[in-house]
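The structure appears below as structure tokens.
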């Protein structure tokens, strides 16, 4: 396999990119006029100070220990935001190093994100799921996916069985959930039917999580037991209230095509429009299905992949998948491998789950060839890199707000699937190549659903049905938690549904650009290492740092 992979390792770089994708990757990011300000500083240190102040300001003030998302407090925050934007524009970054100018752009993007939340998205007034407080599992991206309330609880960050100090800490946070949900009934005044439906499912999920958590920690602390019980009762009451209010909800939940484009260009710094993304996603959907048909034809005389059938087989094959992937990355000179990367991947392989029917889309992939999903699990390598090799910039060292990282993070992980396949990872298991195209099709289909919801052309039910219909082999039914959870996320967080493939397209365009300008000096490992060293920031900014070409340059 290694010799075959080496013979192919350069060939995949010759894959032709669409002219639209390449042009988009080097186009400028639009920005609205910023508040007028007199230059008061040329110091990078002043930007760092402003960033720290800004991050504190972004958090809503507290009332009785609970974040205040009332209409009055949110209106006041929006007014005061202009002061921070003016402070930012008063800092002249024009003479700084490129890396420092990029940090200036990142701070502006975050401020644009809060402005958009107040003007358009308004999750505290439109999205009941915003008030979910309990999270049981770590996200594979730098921060939570989608908008989350301040004061959330990441249960996965605690060691179990709980010590008394942790039990006390959790009790003090969880006991506030009933009051927060009571405030939510007053705050949720806008008519957004599909977000309301998603919120009903989200609150049912929080109730189940609280029940499971309560059973796990019962007896650890009387205060914690009582807090969990009260929080679950309040969650169930809130869930019932949401259901009772649903018939009165008929308004749209999407942000609209123009707002979507503004958000892409000014917050996520993705240089595309709603219409351009739809065109590219339709192309990716067609390409993935056509490629899958060709792979299935090529493999028509080979046996189909069988699902892992036991806990013993699961442990063996999933651990072997990490070993195989890490060896491939190292031996084929894809990236510079670090010791912590293996442990990061191995810690997330999970445990065997018996099932009669479907386990969920990604488990249907993983249980047939664990290596296929390990490629996307490159996410965990990236998170481990952030922890073990933190960026020098205090602004890039912590995750950007408003999921600004999404196209960079999800695009790289999604890209690793197809790139490693083309580099030869599955040469000895050709049917595993089918899984890569199945995942690609699923991502394109769900992305189109998300775009159409924001464009006002699909309801969430129609988006789920479309994604299910275009996901191969029936592995993602239209009523599954996977498709509903994804479409609700993409509705709540504009740009996230397309970020997997749009980020991949942007990275491929940058890779092509670097290969073209470096010529024989270009190496894949060199590119991947320099790309990762810039940090988990928008690809458009990565390009600026690697090439020196500003966002406004259009070649």
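Please treat every number below as a calculation from the coordinates, not as lab data. Note that this is a predicted model, so its numbers are computed, not measured. Using ideal geometry, Cβ is built from the backbone for each residue, glycine included, and neighbour counts are taken over all protein chains shown.
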Cα-based Rg then Dmax for the stretch 44-121, in Å, read 13.9, 46
Rounded to a whole number, the Stokes-Einstein D of the stretch 128-248 in µm²/s (Kirkwood radius over Cα pairs; 4 °C; 1.567 mPa s) is 87
Fraction of the pair-distance distribution of the stretch 321-433 above 19 Å, Cα-Cα pairs, percent = 51
Put one equal scatterer on each alpha carbon of the chain, apply the Debye formula with no solvent term, and list log10 I(q)/I(0) at q = 0.07, 0.10 1/Å to two decimals.
-> -0.41, -0.88
In nanometres, what is the gap between the two model label sites at residue 53 and residue 204, each 7 Å from Cα along Cα-to-Cβ?
-> 4.8
Going out from 0 in 5 Å bins, what whole percent of all Cα-Cα distances in the stretch 403-517 drops into each bin?
-> 2, 12, 19, 20, 19, 14, 8, 4, 1, 0
Over the alpha carbons of the stretch 94-189, what is the largest minus smallest coordinate on each principal axis, giving the biggest first in Å?
-> 53, 37, 21
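Show me the ranking of peptides 154-164, 411-421 by mean Cβ neighbours inside 10 Å, starting with the highest. Could you put the intermediate results ahead of the total?
On the way: 154-164: 12.5, 411-421: 23.5.
The peptides rank, most packed first, as 411-421, 154-164.
In deg cm²/dmol, rounded to 500, what helix-only [θ] at 222 nm does the chain give when every DSSP H run of at least 4 residues adds -39500 (n - 2.57) and the total is split over its residues?
Values: 24 runs with 335 residues, N = 555.
Result for the chain: -19500 deg cm²/dmol, rounded to the nearest 500.
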